[in-house]
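I am attaching a structure below and will ask some questions about it afterwards.
The values are calculated or read from the model by the stated rules, or taken from the named source; none is laboratory data. Remember, it's a predicted structure, so these values are computed and weren't measured experimentally. For neighbour counting, all protein chains shown are included, and Cβ atoms are generated from backbone atoms with ideal geometry for every residue, glycine included. SASA here: full protein model, heavy atoms, side chains in, ligands and nucleic acids out. Shrake-Rupley method; radii C 1.70, N 1.55, O 1.52, S 1.80 Å.
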Amino acid sequence: MSTDGVRHLIERTRTEQTLPGAVWVTIRDGRATVDSVGHEPDSVFRIASLTKPLVAMLTLCLADRGVLALDDRIDRWLPELSGRRVLRALGSDLDDTVPVRRALTVHDLLTMGMGFGWHPAFDGSQPLQRAITDHGLGPSAFAPAMDPATWLEQVGALPMIHQPGEGWLYDSSHTALGILLERTGGADLDALLAEHVTGPLGMGETTYTLDERTLPRLPALLTGDPPTIERPAGDPEANITPAIRGGATGLFSTAADLTRLALAFLGEDTGLPGGVIDAMRQDHRAPGQRAMSELFLEPGTGWGYGVSVDVRPRYGSTDRFGWSGGTGTTLFADPRRRTAGILLTQVGFDAEFMSPLLKRFWQLTA
């Protein structure tokens, strides 16, 4: 693990590319080192899809308490998604469908198997893709701009792409999961996370809405290639409660909070129910999901609960797991090596230089 190498990487990228700054954490044998360039170490970041591991952890905690079971049918809480049909083929018209063979379960949502989401083979010609885009149901760094009931109504009116649990489509499953957890737990996701996950882990600044005192610590968000500012520093909209507290995206967090999450991934005592982390880091894809997931996931990786898992040695180990957020955030941990790395930027992955930056960061922190 090279902390000096990471600083050189970030400084060179700032000089050569449109990278305003970064905060990063390297962990070895339980000792965390925080460093930053261009941003303050206590900056608050939109972590986008790094929301998914935390919501997966919440699901497992609620299952441990008997609030739900992973094999429960979701129509118990989400009746809007019952009675749907399945497209005959990806490019079929929306009414060219076959019957669904079984009900969706909580496990299907955790494993991206609800039959709805963004398909890597979408090319603009498919009627379902056009409907997803028109209704604002596609993946984004931001939660859908509609309330949960409207989101469920819109999704429930469209056919599924595959039978329950027989494919892998990114993002929408976790949006549905977040809504389900709120209905199951009888509280909003902020409150449920604070009670069951972020509270026990000491992640007091991980939330869906920033208070006015925290806004000055929020950097600008840049997207596009070349990157330009999409949301300003101190964005006042971050102080507004979102219409959907997304199970897929939407949380803000800090390097200090995410360090506590990484240490939990490495096996430190967390106060969480036993077995939660081990359950997350198993490859839970059913055989029918593997080919479809490999169109999206990096080679050599599978999908656990809210995280990708290395199923072949990629950075010298098959014990590494974690995930990244489309706003330029990443967290991976390797319990066998007792190492972890966290990189927090606010430059979207649509910037061409971001993917090589992340891969080099992972190499240096493996």
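For the stretch 1-29, give me each residue that is out of contact with any strand residue (DSSP E or B) (no Cβ under 9 Å at 6 or more places or on another chain) and over 14 Å from T365 (Cα atoms). Give the steps one after another, and end with the answer.
Residues of the stretch 1-29 out of contact with any strand residue (DSSP E or B) (no Cβ under 9 Å at 6 or more places or on another chain): 4-5, 8-9, 12, 15-16.
Passing the criteria: R12, T15, E16.
For the condition out of contact with any Gly (no Cβ under 7 Å at 6 or more places or on another chain), in contact (Cβ under 8 Å) with a residue 60 or more places away in the chain and surrounded by 15 or more Cβ atoms within 10 Å (Cβ to Cβ), what is the one hit in P139, P144, P164?
Values: P144 fails: out of contact with any Gly (no Cβ under 7 Å at 6 or more places or on another chain); P164 fails: out of contact with any Gly (no Cβ under 7 Å at 6 or more places or on another chain).
Selected residue: P139, the only one of P139, P144, P164 that is out of contact with any Gly (no Cβ under 7 Å at 6 or more places or on another chain), in contact (Cβ under 8 Å) with a residue 60 or more places away in the chain and surrounded by 15 or more Cβ atoms within 10 Å (Cβ to Cβ).
Could you list all residues from the stretch 267-278 that are surrounded by fewer than 19 Cβ atoms within 10 Å (Cβ to Cβ) and at pLDDT 95 or above?
Once the filter is applied, which keeps residues that are surrounded by fewer than 19 Cβ atoms within 10 Å (Cβ to Cβ) and at pLDDT 95 or above, the stretch 267-278 yields only D278.
Something else about it: Within the stretch 225-236, is there a residue that is without any contact (Cβ under 8 Å) to a residue 60 or more places away in the chain, of a type outside the set (V, I, T), open to solvent by less than 40 Å² (accessible area, probe 1.4 Å) and at negative phi?
Yes, some residue in the stretch 225-236 is without any contact (Cβ under 8 Å) to a residue 60 or more places away in the chain, of a type outside the set (V, I, T), open to solvent by less than 40 Å² (accessible area, probe 1.4 Å) and at negative phi.
Just to check your reading of the model, which residue among P139, P144 is more than 23 Å from G274 (Cα to Cα), in contact with an Asp or Glu (Cβ under 8 Å, 6 or more places away or on another chain) and not aromatic (F, W, Y)?
Going through P139, P144 in turn, just one is more than 23 Å from G274 (Cα to Cα), in contact with an Asp or Glu (Cβ under 8 Å, 6 or more places away or on another chain) and not aromatic (F, W, Y): P139.
D93 is checked against (1) open to solvent by less than 50 Å² (accessible area, probe 1.4 Å); (2) in contact with a helix residue (DSSP H, G or I) (Cβ under 7 Å, 6 or more places away or on another chain); (3) assigned to a loop (DSSP other than H, G, I, E, B) and fails just one. What number does that condition carry?
Unmet condition: (1).
Right, here's the next one. With respect to P200, is the statement that it is at pLDDT 95 or above, open to solvent by 10 Å² or more (accessible area, probe 1.4 Å) and not charged (D, E, K, R) true?
yes
Separate question: Looking at the stretch 313-345, which of the residues that are in contact with a Gly (Cβ under 8 Å, 6 or more places away or on another chain) and at positive phi is most open to solvent (accessible area, probe 1.4 Å)?
Checking each candidate, the answer is R338.
From L137, L192, grab the single residue that is modelled with pLDDT of 95 or more and not polar (S, T, N, Q). So that I can check it myself, show each step before the final result.
Details: L137 fails: modelled with pLDDT of 95 or more.
Just one listed residue meets the conditions, L192.
Mind checking whether some residue in the stretch 106-116 is part of a loop (DSSP other than H, G, I, E, B) and open to solvent by 20 Å² or more (accessible area, probe 1.4 Å)?
No, the conditions are met nowhere in the stretch 106-116.
Exactly one of these conditions fails for A187: (1) touching a residue at least 60 places away in the same chain (Cβ under 8 Å); (2) within 30 Å of R260 (Cβ to Cβ); (3) assigned to a loop (DSSP other than H, G, I, E, B); (4) of a type in the set (A, V, I, L, M, F, W, C). Give me its number.
A187 satisfies every listed condition except (1).
A further question follows. Which one of the conditions (1) closer than 23 Å to L297 by Cβ; (2) in contact with a strand residue (DSSP E or B) (Cβ under 8 Å, 6 or more places away or on another chain); (3) of a type outside the set (D, E) does H119 fail to meet, given that it meets all the rest?
Among (1) closer than 23 Å to L297 by Cβ; (2) in contact with a strand residue (DSSP E or B) (Cβ under 8 Å, 6 or more places away or on another chain); (3) of a type outside the set (D, E), the lone unmet condition for H119 is (2).
Tell me which of these V44 doesn't satisfy, since it passes every other one: (1) in contact with a Lys or Arg (Cβ under 7 Å, 6 or more places away or on another chain); (2) open to solvent by 10 Å² or more (accessible area, probe 1.4 Å).
Unmet condition: (2).
Rundown of residues vs (1) in contact with a strand residue (DSSP E or B) (Cβ under 9 Å, 6 or more places away or on another chain); (2) among the hydroxyl-bearing types (S, T, Y); (3) modelled with pLDDT of 95 or more, yes/no style:
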position	(1), (2), (3)
A48	yes, no, yes
L54	yes, no, yes
V67	no, no, yes
E80	no, no, yes
L87	yes, no, yes
T105	yes, yes, yes
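Would you call A22 farther than 25 Å from H196 by Cα and crowded, with 17+ Cβ neighbours inside 10 Å?
Yes, satisfied.
Being free of Cβ contacts under 8 Å to residues at least 60 places away in the same chain and either touching a Gly at 6+ places or on another chain (Cβ under 6 Å) or among the basic types (K, R) (or both) is the filter here; which residues of the stretch 21-44 pass it?
Of everything in the stretch 21-44, those that are free of Cβ contacts under 8 Å to residues at least 60 places away in the same chain and either touching a Gly at 6+ places or on another chain (Cβ under 6 Å) or among the basic types (K, R) (or both) turn out to be R31, V37, G38.
Shifting gears a bit: Can you tell me which residue among F361, F349, F332 is in contact with a strand residue (DSSP E or B) (Cβ under 8 Å, 6 or more places away or on another chain), among the aromatic types (F, W, Y) and either over 20 Å from H39 (Cβ atoms) or assigned to a strand (DSSP E or B) (or both)?
F332
I need the full set of residues from the stretch 50-72 which are assigned to a helix (DSSP H, G or I), open to solvent by 10 Å² or more (accessible area, probe 1.4 Å) and of a type in the set (A, V, I, L, M), in order please.
Across the stretch 50-72, the qualifying residues are L60, A63.
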